[in-house]
Structure formats: C-alpha cells, structure tokens
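For reference, the structure is listed below as structure tokens.
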Amino acid sequence: MSRPSLTRRLLLTVFTVIVVFFALTVFLLDTVFRHAAEQALRDVMEAQMVALIAAADPDGPETVTTTAPLDARFDTPGSGLYAEIRSASGESIWRSQSTIGTPVQFGPALERGERKFFFTDIADADVRLAVMSRGIDWGNLHGKPARFTFSVASSLETYQAQIESFRQQLIGWFSGLAGLLIATLAGLLRWLSQPMRRLEREIKDVEAGKRETLGENWPRELTAVTSNLNALLDGERQRIKRYRDTLGNVAHSLKTPLAVMRQTLGGLDGGAKQSLNAEIDRMTDIIEHQMKRAVTSGGVLLGQQPVDLAPVVAELRSALIKVYGSKDLLFEANIEGGTQFIGDRADITELLGNLLDNACKWCRGRVRIVATLAADALDSRHALRIVIDDDGPGIAEADRAKVLQRGGRADEATPGHGIGLSMAHETVALYGGTMRIDASELGGARFELALPGRSG
C-alpha cells in the first residue's frame, strides 16, 4: 500500500479549489454575457419595431400598408428577420415577404400599450426565434377605432453562435489558465519541498549506514529538527559506547573472582567439586549472556555501518568445519552477492554462530545456509532473509517454542545450558526482526530469519 504524499494531496486540493472557482467564474461570466447579448438583441428588435411602426400607413381598422423602406431582410424569404401587423381581432393584415414559406407564430393580439417578448420555435424546423410584439391604438380611422399589434421576429442563430463562441473561448482560456496555475504551483511546491526531500534522502542514508549524521545548511524551519536529530544520533552512539566500556569493566572484574573460586576448588574431591564447577560455569554463561544482551539492547541504530555477510559466514564455516571435523561435514553456504546486514558485526557473528553451531552439533553430515535480499519487504528491518537447514533429527513442533526460552532444551541428555538459541532469538527481536523454526527439506530443523539488510 503506497503512503500518501503531502505534495500530491496539496496539489489535488488546490486543483479541486481552482476547478470549482473557475467553473463558478465561467458560469457567472456566461450568465452575464447571455443577459447582455439578450439585451442587445432586444434593443435591435426595438429599433426594428419603431421603424416598422413609423413605416406603417393604416388605411382603416383592417388595412395597413408600408410607405417607408424597411430592412432589406424583411423582403427576403427565410432571411431570419420577420414582421407582421394584426388587427384588433388578431387577423393578420400585413406580413413581410420574408415569412413566405416560414410558418412564424407571432403570438396573440395585444391590448393598447401592452408589450410582449418571448422565444419560440418554427414548426417542423430546428430554428429558434425571439418575438417582440406591441399593441398600438391608432385612434379613429374613417370614424372607427383602430388598434393594431405590431410584431417583429428575429432568428437566434447569430445570437446563439455568439454565445457558443464566447463560451468556448471562456472555457478554453480558463482551462489554460488553470493548467498554468497548477503547473506553476507544482513547480513552486517542488522547489519549496527540496529541503524535505533532501532530509528524507539523508535519513535513509543514515538508516542504511551510508552516513553517520545529517548534513548542514538547512532552512531555518528545519534547522532545529536536523540539529536535534544529529544530537540524538551522537548521544545514542555515546550511550552504546559507555555501555560497552562499562560492561567490559564489569566482565573483567567478575572474571577474576570466578577464576579464583575455580582454582580454590582444585583441592576438593568428589561430587562437591563437580557441583560447584557446574554452578561457576552457569554463572559465567549468565554473565556473558546478560552482557551481550545489554550491549545489543539498542538494536539497530541509526548510522550503523552495514556488515558484508559473506565474509562473516566464511569465517564461521571455516571454524565450524574444524570443530566438527569428525563428522566429515558438508557445509553449504549460498550468500547472494552484495548482501549486507545493518547492525553490529559482533551481533550477527554471534547470532549466526549460535545457530550454525547448533545445526552442526545436531546434523548427520550436512548443513546449509542461504542468505538473500527480499525486494518485496515492506519493512527494511525484514529485508535480509537467512535460512539455515540441517539433516539432523529436527525439532518437534511441540518443542519449538521451548527451545527459544532461556534454559529450554529439547534433549536434556545432551550437554549444554540451553542458552544459545534463546540468545539468538533475543538478538533477532532486538533488531526488530523475526525468527521461525520449521522442518527442513533436508530432514532436520530449519531456522528462518528476517533481519535489517541492504544490497551493498
């Protein structure tokens, strides 16, 4: 599962805000332009209405002629500009030549002084019209009252084309502007986040052991963070050094009294001497175990140098082949090139030494160790995978948890204190790794480890 990015989240938020803001702006501008265009259309039609009324020469309540020239489009069939004069009864008494073949509906007759403006469609044609009508009382003509309805209709094709053109330009310009703003903000965010990306890279380098501290020359907002991190790294290294020095002194101080006690027992005979020697050996093992546990109590530390695994395994292999030479031991080591352990060399040496010694001790004649780097590891603490197999009797499933406890042993008859596997298990846990015991395909036990690692 990918982790969310603050930069991506910020860009997405800004993009959403810009899109909503620009969409609202485009809508408002489009509305304003449509209203302005409609008002302009009304003004033009009002002028044409006035010209039509001025040109009209009523001969009576039911007869009207035009005496002045009108817009040439009124005389062109299907030109898109139409006019009609109706009597008080609503009967058409004059129509422009442009209405020939075009069934324009001008609406009902109007009363004196009444005005009407509306939109309509031409029947059986995909043409929309704007219609303006006005009721005019002409007074008495030949002793009879005369009232006429003057109407002008104009095609909306030009009006709609202007609206569509303006809308396309508006969307185009605002889309380009939004894209430019997003690109500019992305560039600014990338420039502003450079120190954060640098901090991330340097922290990863510290975790991988490529550097001991973070660099210098940070922005003011990050100076306190980097300074505190460097102080923390330095303090951690000093703490571990003090632990090691102190425990070294303790070990030196305890070894002498134990040696004196062992030498003093030389004068004793029988079971008492054997019993006391066993207790002294047990005390020595306990002291060494607690010392090693305290030394590695920090686990994997920032700034630790990685350890090449191949030389460590080669040294252990050479030593164990000599120790168990009587078994005609076949020791197979398959270490992936460049495999490194992130941690203390003494810890990985002791860890593998305990597990390989256990495998050599119980095997019939074959031991195998395989070390690889897991590219799919979600946690860097589990990137190094180590599998140790032997062809011995194996460890029963019921005893697998027991042997990882201090003093726990599957075979009480075999000499030993039951400390090695527990120390190995605790070391793995202190580094944030995992250790699992299973049945090996060779017939014996299999130890599967997941530890901090990287490719050298």
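Values computed for the structure shown
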item: Exposure of W218 as accessible area (Å², to 10), given a probe of 1.4 Å and all protein chains; result: 30
item: Cut-off under 5 Å, modelled amide H: who pairs with E114 long-range; result: G135
item: Phi to ³J(HN,Hα) by Karplus 6.51 cos²θ - 1.76 cosθ + 1.60 over the stretch 69-74, Hz, x for Gly, Pro; result: x, 10, 3, 4, 5, 5
item: FRET efficiency estimate (nearest 0.05) - Cβ-Cβ, E336 to T246, R0 51 angstrom; result: 0.85
item: Karplus 3J(HN,Hα) series, Hz, for the stretch 98-105 with 6.51 cos²θ - 1.76 cosθ + 1.60 (x for Gly, Pro); result: 5, 7, 4, x, 10, x, 8, 9
item: Phi-based couplings in Hz for the stretch 194-200 (Karplus 6.51, -1.76, 1.60; Gly and Pro marked x); result: 4, x, 5, 5, 5, 4, 4
item: Summed side-chain charge close to E315 - residues other than E315 whose Cβ falls under 15 Å, Lys, Arg +1, Asp, Glu -1; result: -1
item: Modelled FRET efficiency - R0 51 Å, T158 with T7, Cβ distances, 0.05 increments; result: 0.55
item: Projected label distance in nm at V44 and A183, using a 7 Å step from Cα toward the beta-carbon; result: 3.8
item: Accessible surface ranking that places the most exposed of M132, M283 first, with a 1.4 angstrom probe; result: M283, M132
item: Qualifying GluC sites (Glu not before Pro) in the stretch 62-159, DSSP loop, other Cβ atoms within 10 Å at most 14; result: E91, E111, E114
item: Distance in nm between pseudo-label sites at D59 and A72 (7 Å out along the Cβ direction from Cα); result: 2.8
item: Other-chain or far-sequence residues with amide H under 5 Å of S440's (modelled H); result: A445, R446
item: Dipole magnitude (debye, nearest 20) for the stretch 32-180, charges at Cβ of Lys, Arg, Asp, Glu; result: 320
item: Cut-off under 5 Å, modelled amide H: who pairs with G456 long-range; result: T339, Q340
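The values are calculated or read from the model by the stated rules, or taken from the named source; none is laboratory data. Keep in mind that what you see is a predicted model, and the values were worked out from it rather than measured. Here Cβ is always computed from backbone atoms with ideal geometry, including for glycine, and neighbour counts include all displayed protein chains. With ligands, DNA and RNA removed, areas are computed over all heavy atoms of the protein, side chains included. Shrake-Rupley method; radii C 1.70, N 1.55, O 1.52, S 1.80 Å.
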